[in-house]
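The structure appears below as structure tokens.
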Amino acid sequence: MLRVDLGAGDVGVDESFDRYARIVRRALDVPVALVSLVERDRQVFVGAVGLEPELQEARQTPLTHSFCQWVVHDQAPVVTSDARLDERLRDNLAIPDLGVVAYAGHPLRDHTGRIIGSLCAIDTEPREWDEASLQVLGDLAAACSTEIAQRSMRTLATRTAQEAESLSRRSAVLLALSQSLSTARSLVEVAIAVEQVAVEHLGCLRAGLWLTDDGSPSRAADLPLRDFEVGRLNYIPQISDSWHSAQLNRVLRADDSNPLGEALLSNRPVWFRDRAEQNEVYGHLDLRAQVGEARAFLPLGYAGQSLGAMAMIWDHPKELTGDELATITALASYTSQALSRALLLQEQSDALVVLQSALLPRLPDTGELEMAARYRPAAARGQVGGDWYDAVVMPSGATSLMIGDVVGHDIGAAATMGQMRTTLRALAWAVDDPPSRQVLRLEEAMLDLGVEGMATLVYGRIEEPGIDGSRVLRWTNAGHPPPLLVHPDGSARYLEDRAGDLMLGVLPDAHRTDNRTDVPRGSLLLLYTDGLVERRGEDLDQGLTRLRVSATAHAALPSEAFLDQVLHDLHDGELADDVAVLAVRFG
């Protein structure tokens with residue numbers, strides 16, 4: 001096995017370092033990732049994934065093919081989106097011989113703190129590295145440095161077997177946390193990852209996160225109850241009865257009246273051997289629901305900003321050794337970086353949701369048509385999509401209905417949705433033509449205006465009532481789920497499109513078909529996007545059947561209440577996709 005002499009000990013090529021490389025490649029979505037250690041005349045890849053077979057076997061190159069040497073030279077990360085344009089790197093032979101173009105390398109340190117190499121991500125195409133990806137790379141480099149330090153220190157005669165075991169345990173904890181946090185994007189995911197590692201690797205009974213808000217910390221996430229907690233409070237984490245009353249208000253004061261507040265205020269860890277030791281200090285708090293014995297509270301902060309605090313509880317008394325304190329302090333540091341990323345992603349996602357919601361219209365008041373609509377964003381952060389609805393009363397008195405779904409789940413889809421909805425709204429008001437002709441005009445406008453994107457759409461036109469109060473509904477369907485019509489007698493049917501027209505954006509001059517049906521007074525029409533009926537791994541017919549049953553059961557309700565009940569029946573929880581619904585009751 002190839003070994004690298006680092007002076008204080010040997011670091012060998014093995015599966016452990018390859019695993020760090022695999023995590024980097026998966027987390028940053030790059031073709032090549034390396035754990036590279038730099039010597040006087042060569043670099044050695046003690047961990048590698050994605051190299052050509054010959055180089056994967058050799059595991060080394062001369063420094064003429066090394067970008068990592070500059071990480072050691074600079075004593076800092078080296079990041080370039082295109083090395084061919086970098087004055088210092090453009091002549092490096094790694095570009096023509098190994099295909100290295102984009103590079104991001106974060107320092108690796110040995111047990112003395114000396115920078116000896118880098119954990120790097122490599123792309124063969126130009127690439128802009130985002131801040132979240134670089135933070136993940138930094139977190140993994142810190143865990144990998146701990147592994148390197150562990151291996152070096154094993155060879156030191158002065159290191160006792162107990163210290164080596166502690167170092168190994170710390171490395172396992174930090175590696176496990178790094179793996180979990182590398183893919184955590186939301187506050188809930190961060191909280192779940194931290195508690196799982198604390199329970200499985202540190203023997204904790206519980207662990208929880210609190211975030212500061214206007215100077216007071218509140219819990220970061222509601223996690224699922226475990227079996228032994230069923231029947232207690234209906235949310236967690238439960239760390240101590242010291243916070244029982246405050247938890248019911250979901251807020252803790254950031255002062256020395258409670259242990260979490262003390263950790264925040266002093267910006268240092270606070271820990272107690274058992275509950276009795278804690279209660280001597282905080283005996284004035286409500287202690288009736290107290291659980292566990294030993295407990296530790298650690299502040300969470302990143303880039304000079306206080307984010308909150310972490311609490312950990314064990315089910316038995318214990319003294320925290322210096323090594324254990326160092327481990328949980330490092331855990332708090334990793335957690336702080338992950339929380340910072342999650343908060344940033346949440347702010348970005350919230351801004352996108354606000355933007356998309358602002359693009360949704362106000363429904364007209366027609367007097368005889370009772371209309372209601374709902375828009376629900378997907379639960380996944382950043383998954384803002386192109387779902388939309390609209391209704392326009394035309395000068396003739398007829399009413400146009402529209403519901404659509406632009407392909408994609410990002411700001412681009414939301415922008416395309418806004419352009420498409422505005423254009424179609426203007427066409428509907430200006431020209432009172434059949435639905436098929438209006439959709440053709442929309443496609444022509446999209447082509448002429450350079451609006452790129454594909455979308456499904458149902459466009460309907462409700463004509464003025466006849467003598468008996470019934471109305472005619474004409475519609476065209478561009479690849480969208482069929483509208484559902486519930487008759488006054490409670491029967492329901494889907495309005496199928498005879499021709500099965502193509503979705504928008506496929507063929508600009510695609511044939512569009514008009515459909516027609518009579519709608520008696522008292523009927524209810526429901527337009528919706530596919531997120532309402534589709535579920536992963538399930539046939540679409542099952543979702544359509546579920547919707548028909550729910551709509552029939554609640555058809556007698558007013559339109560607003562009807563939509564709320566249907567959404568509750570079909571998605572009583574987190575949505576995997578955006579959902580838009582539009583209900584029209586014919587009076």
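A quick yes/no check of all residues on (1) closer than 22 Å to VAL136 by Cα; (2) exposed (fewer than 14 other Cβ atoms within 10 Å of the Cβ):
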position	(1), (2)
GLU15	yes, yes
TYR20	yes, no
LEU28	yes, no
ASP41	no, yes
LEU63	no, no
GLN75	yes, yes
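Kindly indicate which of ALA303, ALA342 is at pLDDT below 85 and surrounded by 22 or more Cβ atoms within 10 Å (Cβ to Cβ).
Residue meeting the stated conditions: ALA342.
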Does the range 91-99 include one or more residues that are within 31 Å of the chain's Cα centre (by Cα), among the acidic types (Asp, Glu) and assigned by TED's automatic domain parsing to the domain that holds ARG22? no
Selection within the range 270-306 - more than 20 Å from THR327 (Cβ to Cβ) and aliphatic (A, V, I, L, M): ALA276, VAL281, LEU285, LEU287, ALA289, VAL291, ALA303
Filtering the range 350-369 for residues that are modelled with pLDDT of 65 or more, surrounded by 17 or more Cβ atoms within 10 Å (Cβ to Cβ) and within 25 Å of GLN419 (Cα to Cα) leaves a count of 2
Any hit, the range 491-505, residues being in a strand (DSSP E or B), at pLDDT 95 or above, surrounded by fewer than 19 Cβ atoms within 10 Å (Cβ to Cβ) and of a type in the set (Phe, Trp, Tyr): yes
Between residues in the range 132-151 that are over 14 Å from ILE23 (Cα atoms) and residues that are of a type in the set (Val, Ile, Thr) and outside any helix (DSSP H, G or I), which pairs lie under 7 Å by C-beta distance while being six or more apart or on different chains? ILE148/VAL11; ARG151/VAL11
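So, in the range 183-197, of the ones that are β-branched (Val, Ile, Thr) and outside any loop (DSSP other than H, G, I, E, B), which residue ends up farthest from LEU298 (Cα to Cα)? Steps first, answer last, please.
Of the range 183-197, the ones β-branched (Val, Ile, Thr) are 183, 188, 190, 192, 194, 197.
Going one step further and asking which of them are outside any loop (DSSP other than H, G, I, E, B), we end up with 188, 190, 192, 194, 197.
Working: VAL188: 19, VAL190: 16, ILE192: 17, VAL194: 13, VAL197: 16 Å.
Taking the candidates together, the pick is VAL188.
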Report, by residue number, each residue of the range 180-209 that is touching a Phe, Trp or Tyr at 6+ places or on another chain (Cβ under 8 Å) and either modelled with pLDDT of 85 or more or not aliphatic (A, V, I, L, M) (or both). GLY203, CYS204, LEU205
Identify the single condition in (1) surrounded by 19 or more Cβ atoms within 10 Å (Cβ to Cβ); (2) under 36 Å from the mean Cα position of the chain (by Cα) that SER523 does not satisfy, given that it satisfies every other one. (2)
Quick one: in the range 480-490, which of the residues that are surrounded by 20 or more Cβ atoms within 10 Å (Cβ to Cβ) and touching a residue at least 60 places away in the same chain (Cβ under 8 Å) is nearest to ARG437 (Cα to Cα)? HIS480
Might you check whether a residue that is within 27 Å of ARG461 (Cβ to Cβ), of a type in the set (D, E, K, R) and not in a helix (DSSP H, G or I) occurs anywhere in the range 561-573? no
Subset of the range 556-582, residues surrounded by fewer than 21 Cβ atoms within 10 Å (Cβ to Cβ), within 16 Å of GLY490 (Cβ to Cβ) and among the hydrophobic types (A, V, I, L, M, F, W, C), comes to ALA556, LEU557
For the range 103-123, what are the residues that are surrounded by fewer than 20 Cβ atoms within 10 Å (Cβ to Cβ), assigned to a strand (DSSP E or B) and either free of Cβ contacts under 8 Å to residues at least 12 places away in the same chain or under 32 Å from the mean Cα position of the chain (by Cα) (or both)? ARG109
Matching residues in the range 82-93 - criterion: being among the basic types (Lys, Arg) and not in a loop (DSSP other than H, G, I, E, B): ARG84
Taking first residues from the range 385-398 that are basic (Lys, Arg) and second residues anywhere that are not in a loop (DSSP other than H, G, I, E, B), the pairs with Cβ under 9 Å that are 6 or more apart or on different chains are none
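What about VAL100, is it assigned to a loop (DSSP other than H, G, I, E, B), at pLDDT 95 or above and either farther than 26 Å from ALA143 by Cβ or in contact with a helix residue (DSSP H, G or I) (Cβ under 9 Å, 6 or more places away or on another chain) (or both)?
On the way: assigned to a loop (DSSP other than H, G, I, E, B): yes; at pLDDT 95 or above: yes; either farther than 26 Å from ALA143 by Cβ or in contact with a helix residue (DSSP H, G or I) (Cβ under 9 Å, 6 or more places away or on another chain) (or both): yes.
Yes, satisfied.
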Inside the range 131-150, can you point out the residues that are modelled with pLDDT under 90 and among the β-branched types (Val, Ile, Thr)? THR146, ILE148
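The values are calculated or read from the model by the stated rules, or taken from the named source; none is laboratory data. Model, not experiment: these values are computed from the prediction. Backbone-built Cβ (ideal geometry, glycine too); neighbour counts: all protein chains shown.
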